[in-house]
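The values are calculated or read from the model by the stated rules, or taken from the named source; none is laboratory data. Quantities reported herein were computed from a predicted structural model and do not represent experimental measurements. Positions of Cβ are generated from backbone atoms using ideal geometry, with glycine treated the same way; all protein chains shown enter the neighbour counts. For accessibility, only protein heavy atoms count, side chains too; no ligands or nucleic acids. Shrake-Rupley method; radii C 1.70, N 1.55, O 1.52, S 1.80 Å.
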Amino acid sequence: MAKSATESTTKAATKRANTKTSKADKEDKPKRAPSAYNLFVQAHMKEWKEAHPGAPIKEAMAEIAGMWREAPENPNRGKEPKPRKPKAAAGAPKASRKKKQTPPPSSDAENTGDVSDD
């Protein structure tokens, strides 16, 4: 019997799963240093929470991000923000997707629901 495509991809997937790094390898890896923004948020979050008890974190992050834009610790302070790519309209279909065409119904399908006039 010939191999099917699923057998070969299953073997490849199994091989990749076996060669992944183990948890022990990840524990030995040193943690990445926090960015200037991370340090800024850590420093200002406690103060903000004390000043605004019960307020949602979303508001805190929005306000702290606003403070970050003008903070002296910000390496990008005073620079023009990078332009964003325009978003595609919600109703417009994506160019990469093609609509599948359904095959025409067979002649047997037409005759199944009909009652003969004999």
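Structural remarks
- Within the stretch 25-46, residues that are within 19 Å of Trp68 (Cα to Cα) have Cβ atoms under 6 Å from residues that are surrounded by 10 or more Cβ atoms within 10 Å (Cβ to Cβ) and modelled with pLDDT of 90 or more in these pairs: Val41/Ile64; His44/Ile64, counting only partners at least 6 apart in sequence or on another chain.
- Condition check for Glu47: of a type in the set (D, E, K, R), modelled with pLDDT of 85 or more and out of contact with any Ser or Thr (no Cβ under 6 Å at 6 or more places or on another chain): yes
- Some residue of the stretch 79-102 being part of a helix (DSSP H, G or I), of a type in the set (Lys, Arg) and modelled with pLDDT of 85 or more: no
- Residues in the stretch 32-57 that are closer than 16 Å to Pro75 by Cβ and among the β-branched types (Val, Ile, Thr): Val41 alone.
- Among (1) assigned to a helix (DSSP H, G or I); (2) open to solvent by 100 Å² or more (accessible area, probe 1.4 Å); (3) modelled with pLDDT of 70 or more - the single one Thr14 does not satisfy: (2)
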